[in-house]
Each structure stands twice: as C-alpha cells, then as structure tokens.
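Step one of this worksheet: look at the structure below.
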Amino acid sequence: MHPSSNINLRHPLSQHALLRMQQRSIPQHVVAFLTELANPVDAGCGCTLHRFDEDSWAEARRLLGGHAPRLDRYRNAYVVLAANGLVVTASRLH
C-alpha cells in the first residue's frame with residue numbers, strides 16, 4: 001500500500017490475480033482504489049468489472065495528494081471481481 005493512501009485492500013486476491021498484477025506491474029494500492037472507488041459494471045457470470053471513471057479517478061488522485069502523478073500510469077487499469085468478492089484478475093485497457 002502506498003504510504004500516503006488511506007485505503008485498504010479488502011478483497012482477497014486469487015493466485016491468477018496476483019500473477020497478473022506482477023506481470024502487468026499493477027500494485028495492490030491501485031487494486032484497492034479500483035475495488036473501493038470505481039463503480040462496478042456487470043462482467044457476466046456474476047462477476048463485476050471495476051475501472052476508473054472520472055469521479056473515481058479524481059478521488060484516487062485526491063487521496064494520493066502529492067504522489068498523485070505516480071498514479072497516472074494506471075489510469076486504464078481494471079480488475080474483475082467474482083460474486084464472492086475475490087479479485088479474479090487485473091489488467092489494463094489498451
């Protein structure tokens with residue numbers, strides 16, 4: 001978790017999500033922002049997709065304060081949550 005953020009990752013991560021986060025250089029604090037701030041969109045099969053919209057992006061940047069420019073590279077990141085709250089995967093839109 002980034003030291004200046006005050007948001008915690010409340011959803012468990014699947015092994016697949018951990019692997020994809022590592023492969024795609026998506027840190028846990030970004031996943032936490034996505035799961036807690038972004039509005040979920042139906043992804044089918046009971047899953048939801050969480051990606052930044054204008055409001056959630058502004059809130060994440062506000063929470064990071066002076067460190068907000070470091071978040072810019074994750075503007076197109078998203079996560080998929082299973083119906084039970086498990087983070088299934090993490091990626092970036094291209």
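The values are calculated or read from the model by the stated rules, or taken from the named source; none is laboratory data. Keep in mind the model is a prediction, meaning the values are calculated, not measured. We place every Cβ from the backbone using ideal geometry, glycine too, and count neighbours over all the protein chains shown. For the accessible areas, the whole protein counts, side chains as well, though only heavy atoms, and no ligand, DNA or RNA atoms are used. Shrake-Rupley method; radii C 1.70, N 1.55, O 1.52, S 1.80 Å.
Output the residues belonging to segment 3-26 that are in contact with a Phe, Trp or Tyr (Cβ under 8 Å, 6 or more places away or on another chain) and either open to solvent by 50 Å² or more (accessible area, probe 1.4 Å) or at pLDDT 95 or above (or both). Correct list: Ile26 only.
Please return the ranges of strands (runs of 3 or more DSSP E) entirely within segment 1-92 where 3 or more residues are touching a helix residue (DSSP H, G or I) at 6+ places or on another chain (Cβ under 9 Å).
On the way: elements: 40-44, 47-51, 77-81, 87-92.
Ranges flagged: 77-81, 87-92.
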